[in-house]
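The values are calculated or read from the model by the stated rules, or taken from the named source; none is laboratory data. If you're wondering where the values come from, they're calculated on a predicted model, not measured in any experiment. Glycine gets a Cβ as well: all are built from the backbone with ideal geometry, and neighbour counts include every protein chain shown. Heads up: the accessible areas ignore ligands, DNA and RNA and are worked out on the full protein's heavy atoms, side chains in. Shrake-Rupley method; radii C 1.70, N 1.55, O 1.52, S 1.80 Å.
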Amino acid sequence: MPPPRKLDLIPLEVRQWLAEELQARGFADIVEVTEALNFRLEEDGLQLTVGKSAVGEFSKLLKDQREAFSMAETLLGEMDVEAESDLHRMLLHMIATSAAQMMKAVREKDAHLEPKDLMSLGRMLKDLMSSAGIREKLLEDERTRLAREIKEKAADVAAKAVGDAGLSAEKSEQIKAQILGVQP
């Protein structure tokens, strides 16, 4: 088993600081950021130094993630809720299929998945399923809102027709209440 990457050994708050620092510098200034990181690690009493290449790879990963999120936002921003829900279902199936293929390949090689990889895969599936559930709820809420809006418009039209026919305001309110499914 290969040794863990040095960035995986640093505390989470330092890794978060590193991500914020790289983002603030436009994912550049790798040498200066690496020096600042190593100085901070030394100040914290950690016997660990991280190289420029590790910080550069981390910077590239963050930049790629940021670009992917931006593209996804653009894509999803142009979709309605129902299309987003369909996209989430498709992504969930793709990830589940990839996970099954990955586990089959590992079994065939008589190898083992790293716990970190399993945890990451599980978290990704959980997040996607949670997101899909939220989108389904939004879709259902939108359908309910539209149905209520249609009923209200129909009730207003009916009440106006009743009033135009010369019936009382009380009768108009009764008919409107029946359409809306409420008690007058």
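The table below gives the values:
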read-out	value
Qualifying aspartates and glutamates (Cα of each under 18 Å from Cα of K171; at least 8 residues distant if same chain)	E152, D156
Extreme residue, positive dipole direction of the chain, given options Q16, A161, A54 (C-beta unit charges)	A161
Accessible area of the stretch 31-72 belonging to carbon and sulfur atoms, whole % at 1.4 Å probe	56 percent
Local net charge near R15, Cβ-Cβ under 15 Å (Lys/Arg +1, Asp/Glu -1)	-2
Calculated from backbone phi, Karplus (6.51, -1.76, 1.60) coupling profile of the stretch 115-125 in Hz, x at Gly/Pro	x, 4, 5, 5, 5, 4, 5, x, 5, 5, 5
When each of K104/K126; K6/K52; K153/K176 is checked by Cα-Cα distance, pairs over 19 Å	K104/K126
Set of aspartates and glutamates with alpha-carbon distance to K60 below 13 Å, sequence-local pairs under 8 removed	D29
Mean separation of Cα contacts under 8 Å (6+ apart) over length of the chain, as relative contact order %	13 percent
The chain: angle of helix 52-77 to the longest principal axis, Cα-based, in degrees nearest 10	10 degrees
Calculated FRET value between E43 and T74, using beta carbons and R₀ = 35 Å, to 0.05	0.30
Protection proxy ranking, peptides 158-165, 16-23, average beta carbon neighbours within 10 Å, highest first	16-23, 158-165
Where a label projected 7 Å from the Cα of R89 along Cα→Cβ would reach, residues of the stretch 126-154 with amide N under 17 Å	128-143
On Cα atoms only, tilt of 12-24 relative to the major axis of the chain in degrees	80 degrees
Entry for Cα extents along the principal axes in Å (calculated from the structure that is shown) out of (i) 89, 44, 27; (ii) 68, 36, 33; (iii) 145, 84, 17	(i)
